[in-house]
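Student: Here it is, the structure in full.
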Amino acid sequence: AKSGKDTGDATSAEEDLVAKTEVPIRWFAMGTAIAGVLVVIVAWQAFGIAPWFGVLAVLMTFVLALVACRATGETDITPSSAMGKIMQLTYGKLIPQNPTANLMTASITSGAGVAAADLLSDLKSGYLLGANPRRQFVAQALGIPVGTAGTVIGWYLLVPNVSLLNGD
């Protein structure tokens with residue numbers, strides 16, 4: 001029979017293994033807070049969406065991203081357009097006659113839902129292949145600033161002047 005000390009050592013070893021491989025919840029909380037604040041600021045500065053409407057968009061996006069993740073997990077189909085439509089209906093009622101707010105808040109939700117569902121699919125594939133979830137998460141997080149910088153630079157290289165979009 002095992003002594004209590006043996007069981008405690010096994011539990012401690014399991015806890016150490018989990019601590020080395022799983023993503024700490026504080027990382028999620030800090031990342032969500034930082035990203036949420038940045039989204040509210042960009043929505044306000046770039047699209048004229050009042051900060052309180054931006055905060056509402058972030059909070060609704062959090063809930064709708066959970067729905068998107070659940071749907072993707074069960075069906076392998078991410079309902080991105082459905083999530084965007086919920087936001088469009090909400091902001092159509094809250095801020096009527098403001099198509100910019102309507103479209104941008106829908107884009108926030110759709111983009112976040114797709115990104116969250118894709119991340120979960122990546123983590124599942126990594127799990128099946130025996131990859132370390134913490135390392136996968138770090139790699140994904142490091143890709144955020146690189147991808148953002150690449151997208152912004154690419155946009156300005158392709159469209160140096162907004163009037164080019166009108167075909168003038």
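The values are calculated or read from the model by the stated rules, or taken from the named source; none is laboratory data. All values reported here derive from a predicted model rather than from experimental measurement. Heads up, the Cβs are rebuilt from the backbone with ideal geometry, glycines too, and the neighbour counts pull from every protein chain shown. To get the accessible areas, we keep the full protein, side chains included, count just its heavy atoms, and leave off ligands, DNA and RNA. Shrake-Rupley method; radii C 1.70, N 1.55, O 1.52, S 1.80 Å.
Student: Take the alpha-carbon positions of the range 88-131, form their convex hull, and give its projected area averaged over all directions (one quarter of the hull surface) in nm².
Tutor: About 3.2 nm², averaged over all directions.
Student: Ignoring ligands, DNA and RNA, what percent of the accessible area of the chain is carbon or sulfur (1.4 Å)?
Tutor: 68 percent
Student: Relative to the longest principal axis of the C-alpha atoms of the chain, give the angle of the C-alpha long axis of helix 51-75, reported between 0 and 90° and rounded to the nearest 10°.
Tutor: 60 degrees
Student: Please give the solvent-accessible surface of residue 47 in Å², to the nearest 10, using a probe radius of 1.4 Å with every protein chain present.
Tutor: Residue 47 has an accessible surface of roughly 90 Å² with all protein chains in place.
Student: Can you work out the PRE-style zone for residue 42? Point 7 Å along Cα to Cβ, and I want the residues of the range 130-161 with backbone N under 16 Å.
Tutor: Counting only backbone N, you get 141-156.
Student: Can you give the accessible area of residue 83, probe radius 1.4 Å, in Å² rounded to 10?
Tutor: Counting only protein heavy atoms, residue 83 exposes about 10 Å² to solvent.
Student: Shape of the range 65-108 from its Cα gyration tensor (a ≥ b ≥ c, root eigenvalues): rounded if a/c is under 1.5, otherwise prolate when a/b > b/c, or oblate?
Tutor: Since a/c reaches 1.5 and a/b is larger than b/c, the shape of the range 65-108 is classed as prolate.
Student: Can you tell me the FRET efficiency between residue 82 and residue 149 if r is taken as the Cβ-Cβ distance and R0 is 30 Å, rounded to the nearest 0.05?
Tutor: With a Förster radius of 30 Å, E is 0.45.
Student: If you don't mind, there's one more thing I want to ask. Give me the one-decimal Kirkwood hydrodynamic radius in Å for the range 6-93, with the sum taken over alpha-carbon pairs.
Tutor: Its Kirkwood hydrodynamic radius stands at 15.9 Å.
Student: Sticking with this one: Divide by every residue of the chain the summed helix terms, -39500 (n - 2.57) for each DSSP H run of at least 4, and state the resulting mean residue ellipticity at 222 nm, rounded to the nearest 500 deg cm²/dmol.
Tutor: It comes out at -29000 deg cm²/dmol, rounded to the nearest 500.
Student: Now for a different question. How large is the translational diffusion coefficient of the range 101-165 in µm² per second when you combine the Kirkwood radius over alpha carbon pairs with Stokes-Einstein at 25 °C and 0.890 mPa s?
Tutor: Using the Kirkwood radius from Cα pairs, D works out to 172 µm²/s.
Student: Against the longest alpha carbon principal axis of the chain, how many degrees, from 0 to 90 and to the nearest 10, is the axis of helix 4-21 turned?
Tutor: 30 degrees
Student: Highest first, please rank the peptides 115-125, 49-59 by the mean number of other Cβ atoms sitting within 10 Å of their residues.
Tutor: Highest-to-lowest ranking by the protection proxy: 49-59, 115-125.
Student: Continuing with the same structure: Only residues of the range 131-168 count here: report those whose backbone N is under 16 Å from the spot 7 Å along Cα→Cβ of residue 103, or say none.
Tutor: From the range 131-168, the list is 162-167.
Student: Next question, about the same structure. What nm distance separates the two modelled labels at residue 52 and residue 166, each placed 7 Å from Cα along Cα→Cβ?
Tutor: 3.5 nm
Student: May I ask you to rank 81, 110 by accessible area, largest first, using a 1.4 Å probe over the protein chains only?
Tutor: 81, 110
Student: A follow-up question, please. Does the range 45-168 come out rounded, prolate or oblate by the C-alpha gyration tensor, with a ≥ b ≥ c the root eigenvalues, rounded set by a/c under 1.5 and, if not, prolate when a/b is larger than b/c and oblate if not?
Tutor: In terms of gyration-tensor shape, oblate.
Student: Note the angle between two axes, namely the Cα long axis of helix 99-129 and the longest principal axis of the Cα atoms of the chain, as a number of degrees from 0 to 90, rounded to the nearest 10.
Tutor: Taking Cα atoms only, the helix is inclined about 30 degrees.
Student: Let a ≥ b ≥ c be the square roots of the eigenvalues of the Cα gyration tensor of the range 31-82; is it rounded (a/c under 1.5), or, if not, prolate (a/b larger than b/c) or oblate?
Tutor: prolate
Student: Would you mind getting the accessible area per residue of the chain, heavy atoms of the protein chains only, 1.4 Å probe, in Å²?
Tutor: Here the residues of the chain average 70 Å² of exposed surface.
Student: On to the next question. If the only charges are +1 at each Lys and Arg Cβ and -1 at each Asp and Glu Cβ, what is the size of the charge dipole of the range 64-168 around the Cα centre, to the nearest 20 debye?
Tutor: 280 debye
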